[in-house]
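So the structure is just underneath, and the comments pick up after that.
The values are calculated or read from the model by the stated rules, or taken from the named source; none is laboratory data. From a predicted model like this one, the values you see are computed outputs, not experimental measurements. Glycine also receives a Cβ, built like all others from the backbone with ideal geometry; neighbour counts cover every protein chain displayed.
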Amino acid sequence: MSQVFHEIEKKIISVLKTESKLTPEKLEKLTQLSPDQIRRGIEWLKLKELAIVNESKNTNFSLGKNGLESFQKGLPERRLLDLIKKNSMTISDLQKELGSVFGPAMGLAKRNDWISSNGNEISLKNYPSSLAGEKTLKQIGEGTISESILEKNDLASLLKRPDFLVENIVKTKEISLSKNAQTLDVTSSDSGAIDVEAKVPEVFVARTHPLKDTIDEIREIFVTLGFTEILGNMTQPSFWNFDALFTPQDHPARELQDTFYLDGISAKKIGTPEQIRKVSESHKKNWRYYWDINEARKMVLRTHTTCVTIKHLAENKPDEARVFSLGRVFRNEKVSYKHLVEFNQIEGVVVGKDASLRNLMGIQREFYKRIGITKIKFWPTFFPYTEPSLQTMVYNERLGKWIELFGMGIFRPEVTKPLGITKPVLAWGGGIERIAMLKYGLDDVREFYNNDLKWLRGATKCQ
Amino acid sequence: MPVIALSYSRLQKLIGKVSKKQISDSLPFLGLDIESEDKNLVRVEYSPNRPDYSTDIGIALGLQGLLGIKTGALKLKIKKSNEYSINVKSGVSKIRPYVTGIVAKNGKINEEILEQLIQMQEDLHMGIGRKRKKSSIGIHDLDKISFPLTYTTTNRNAKFIPLKSTKESSVSHILENTDVGRDYGYILGNSAQVPMIIDSNGDTVSFPPIINAAITTITTKTKNLFVEVTGINKEDAEDMLSVVVTILQTAGFTLESVKISGAKNSSPKLEPKKISVNPTLINQMLGLNLSTSKIISSLKKSRLDASIKGKNIICTIPAYRFDIFGPMDLVEETALGYGIQNLKPTLSSSQTLGQINPISIQLKSLSQIMIGLGYLEALNSSLSSKRVLYEMTNRNATKIISVLDSKSQEHTILRDSILPGLLENLSRNIHESYPQKLFETGTIFLEDNPINEKTSFAAVSAHPDANFTEIKSILQAALQTGFSLEIKTKTSTHETFEKGRTASILVNGKTIGVMGEINSKSIENYKIRVPVVGFEIHLSGLIFD
């Protein structure tokens, strides 16, 4: 295995080869690297199992305020004994000399029977040659000393005194080379090379939403197939969403449990008087019921984008046209892995002399080809507003089954005639999320609207 | 769409010489979607416009045609009889004015047929019967009934023993204490009188559209049937009857007529209708060039009759095919009989020029700019909730546009702003790495005779150093690069933004939105742990209408 080492690593390894068990501080001095470089270098070598780091804990002591005073002037009791070593002194003189330490010094001296008192006069009885703590004070001095060198009992006596000692727990690291590293020849590596195999931090691209990518792709395919995009409102009077599309007012699809009605909102203007009259006549004649204009006024969230194209056709009555509408549609459903209350649909129409079912099938086949689906077939189906009606079935390799995609058909004369559309109209359309699910290999349609950053940042853009 | 369970072995018996594979391959080309398949059982979904497919008998009729085993229209053979009649009293005319019926004799009723009949009755009630409101059926044991019958009204104290019971109950008791009574009682409204079919002994036969009498219950021992259909208009009642009659004749019963009279009622005719269609229309619409005889044989495969008359084809359509309105329906019937699998897709030679809508183009440019600025595109629903839109962002809920009876708590109100959704997105991603920068363009909804739909644009940036300056720079860059628009900001207040760090955004002196640092209350509500800044502006009225 050939390894590439960073300059930092090389320096550390070279130093450790001559002297093992070094602290980072010592390494710093010996390698002339900065603390940060040393820290990083050790981490890299540790990951490569080339360096061993032993961590140990050490307690150090230095002197506190009182300790330092005692180091300079002697312990309070020593100072007391020295004062009366030659001549006895009065209590008040001693108080003046010793100040705040007079009390504790007197107490200790009495208890140890070093002094005797005669009224106000204090005189020496015994003079101890050494006092507990004096040795430690001398050892520490103005420096910092490891606990291991100090005498336990002597240290303990100072620890009892307030502000004599400052305890300092130090964690130390000692770095040495592992066995593997000891035989490494770091000098032979190419100079300036870096570890190109190492992991790097992750960064995330800003991007369009994956579903938007699919929408844009589908939009562009239909534009290249000669279709022009039209836009329309998501909130629609029932008239354009249902009545104009030959869906009777008592049709189950119009019930609250399938369609979102806007609470208390009706449209005043829903169409021209002629459109309203002719649509209502068609309903009365073919479906045999009392057609209620107030039902047609109720505002709904569109259940398909067909309402946008039919309105466009009714307003423009073209002899030849290819238009489509793309956008959100709504169904009052329980949200699940396969159902959303709101999803995207594309719906288009073809008006023209040679408009035929086979041409409609041809447009579908061409579209699927362009999104990479070649195994397709057509089955008959039913829509209230088209006759004949077909649906496309496409084969999904991953799921190993046929999946229903776009529906299509020719608008019924019961739809077109009342709106003054005289030419046959081919219509097709369907949900976009389903196609996007196939594309991104999703089994749960909710993923598109979760805005889960893990997924958004991670989904492959070009599929 | 309704679903029916079919048994292959029974279908084979009904159709004639046919393999299981032929059946399963043909079902989709009849318009029946296979839901699931398990050895001998197959569950298919059928379209509500074909109520004859609510039984395997009806489906077998269709398959016989498609497979070429038996083609052409089924002719009803109804023996004219004077034995059976229903006299209608005028009292029903304001409640449920029409009744019609048929007698079916000498059939064999086994468990399988009984099941099919019950299934058919249920589906007819739900579909073309519009939950029994428009029309409903009662199927009875003929031999338990003494003719003539009277379709009349009684008061709500009238008593009889209802189906599946052994005790007498009053009408009001049935309406209040049984499932069917509670489900369908509303159809009768508050009227003191209710419809009732009573036999010559004065015994109740049926209380339409709620329940039959127990005495006429059909069992596997029943040989002869009486079927009645009641409804709010004559044609719909007869349409429903025509389905039942077709199925019963195919199941081997012999039919006898029931005479109906009184209060604008009359005996059902159940006669086929004739529609003329031009072969050119069929060929044009399908993109084919079929000979007239091929068209006729295709129509026959769809179980219709057809013959040439001059340049046109006259099609004879049995009564149960009331889904056929006119020539375009015959185009479809031809296509089905011809076989959809035989229609080959073609590409039209006609040329039209496609174009993306200018608004879509502008929105796409804007999103490219935002991506260049490091923002990720989010997508949220237009239907949101009070919690996300108002409670979490401390906004006042004044003019709410809500939908009725939503099945989802999270989707009850149309959004009037995009920003709350983006903040909700941030709160769901607090465990993902920062910075998190999101934007969204989409529709918002404002109440305005009836609704004003505007395109709105919002962005948020969340990270430890997020601040006002950053977000102002972003919007400034986006509008400058995208549309050469200069923005000005003016101190402002907003429930979602921090006081003193909120600005209204102006372009050419007109306020187009708001920006600032999201206030701590909102951030706490969303449980976000880093500062968040954001803006929202209306694009409608700014860069397009």
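See the values below:
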| item | result |
| --- | --- |
| Qualifying residue in the range B:117-126 (condition: assigned to a loop (DSSP other than H, G, I, E, B) and not hydroxyl-bearing (Ser, Thr, Tyr)) | no |
| Some residue of the range A:392-399 being more than 28 Å from B:VAL331 (Cβ to Cβ), touching a Leu at 6+ places or on another chain (Cβ under 8 Å) and within 13 Å of chain B (Cβ to nearest Cβ) | no |
| So A:GLU217, is it of a type outside the set (Val, Ile, Thr) and either surrounded by fewer than 15 Cβ atoms within 10 Å (Cβ to Cβ) or within 7 Å of chain B (Cβ to nearest Cβ) (or both) | no |
| Filter result for A:PHE61 (outside any helix (DSSP H, G or I) and either closer than 23 Å to A:ARG161 by Cα or of a type in the set (A, V, I, L, M, F, W, C) (or both)) | yes |
| Per-region count, the range A:90-145, residues under 60 Å from the mean Cα position of the chain (by Cα) and either acidic (Asp, Glu) or over 30 Å from A:ASN60 (Cβ atoms) (or both) | 1 |
| Residues within the range B:343-385 that are more than 7 Å from chain A (Cβ to nearest Cβ), assigned to a loop (DSSP other than H, G, I, E, B) and touching a residue at least 40 places away in the same chain (Cβ under 8 Å), tallied | 1 |
| B:SER484, sole failed condition from (1) within 49 Å of the chain's Cα centre (by Cα); (2) surrounded by 13 or more Cβ atoms within 10 Å (Cβ to Cβ); (3) not aliphatic (A, V, I, L, M) | (2) |
| 1 or more residues at pLDDT below 90 and more than 14 Å from chain A (Cβ to nearest Cβ): qualifying helices (runs of 4 or more DSSP H) within the range B:155-255 | B:171-177, B:179-184 |
| The range B:425-479, subset touching a Phe, Trp or Tyr at 6+ places or on another chain (Cβ under 7 Å) and among the hydroxyl-bearing types (Ser, Thr, Tyr), residue nearest to A:LYS298 (Cα to Cα) | B:THR441 |
| Selection within the range A:281-297 - of a type in the set (D, E, K, R) and within 10 Å of chain B (Cβ to nearest Cβ) | A:LYS285, A:ARG288, A:ARG297 |
| Given (1) in a helix (DSSP H, G or I); (2) closer than 26 Å to B:ALA335 by Cα, number of the condition A:GLY407 does not satisfy | (1) |
| Residue ranges of strands (runs of 3 or more DSSP E) in the range B:268-342 with at least 1 members in contact with a Gly (Cβ under 7 Å, 6 or more places away or on another chain) and either surrounded by fewer than 20 Cβ atoms within 10 Å (Cβ to Cβ) or within 13 Å of chain A (Cβ to nearest Cβ) (or both) | B:273-277, B:305-309 |
| Close pairs (6 angstrom Cβ cut-off, 6 or more residues apart or separate chains): of a type in the set (Asp, Glu) in the range B:515-532, not in a strand (DSSP E or B) anywhere | B:GLU517/B:PHE468 |
| Residue under evaluation A:LEU426, criteria (1) within 8 Å of chain B (Cβ to nearest Cβ); (2) outside any helix (DSSP H, G or I), criterion not met | (1) |
| Count of residues meeting criterion [touching a Pro at 6+ places or on another chain (Cβ under 7 Å) and buried (at least 18 other Cβ atoms within 10 Å of the Cβ)] in the range B:429-468 | 3 |
| Flag for A:SER56 being in the same structural domain as A:VAL166 (by TED's automatic domain parsing) and in contact (Cβ under 8 Å) with a residue 60 or more places away in the chain | no |
| Every residue from the range B:405-428 that is at the interface with chain A (Cβ under 7 Å from one of its Cβ atoms) and buried (at least 22 other Cβ atoms within 10 Å of the Cβ) | B:HIS411, B:ASN425 |
| Residue within the range A:403-411 that is over 20 Å from A:VAL351 (Cβ atoms) and among the β-branched types (Val, Ile, Thr) present | yes |
| Residue count for the range A:109-123, restricted to those that are buried (at least 18 other Cβ atoms within 10 Å of the Cβ) and out of contact with any strand residue (DSSP E or B) (no Cβ under 6 Å at 6 or more places or on another chain) | 1 |
| Long-range neighbours under 7 Å by Cβ, at least six apart or interchain, first residue within 28 Å of A:PHE260 (Cβ to Cβ) and within 12 Å of another protein chain (Cβ to nearest Cβ) within the range A:310-333, second hydroxyl-bearing (Ser, Thr, Tyr) and not in a loop (DSSP other than H, G, I, E, B) | A:VAL323/A:THR228; A:VAL323/A:THR309; A:SER325/A:THR309 |
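Each row is one residue, and each column tells you yes or no for (1) closer than 22 Å to B:LEU142 by Cβ; (2) of a type in the set (A, V, I, L, M, F, W, C); (3) modelled with pLDDT of 95 or more.
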site	(1), (2), (3)
B:GLU35	no, no, no
B:LEU41	no, yes, no
B:ASN49	no, no, no
B:LYS70	no, no, no
B:LEU76	yes, yes, no
B:LYS80	yes, no, no
B:ASN87	yes, no, no
B:GLY91	no, no, no
B:LYS94	no, no, no
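Matching residues to (1) of a type outside the set (A, V, I, L, M); (2) in contact with a Lys or Arg (Cβ under 6 Å, 6 or more places away or on another chain); (3) not in a helix (DSSP H, G or I):
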| site | (1), (2), (3) |
| --- | --- |
| A:MET106 | no, no, no |
| A:LYS110 | yes, no, no |
| A:SER116 | yes, yes, yes |
| A:ILE122 | no, no, yes |
| A:ASN126 | yes, no, yes |
| A:SER130 | yes, no, yes |
| A:THR136 | yes, no, no |
| A:GLN139 | yes, no, no |
| A:ASN153 | yes, no, no |
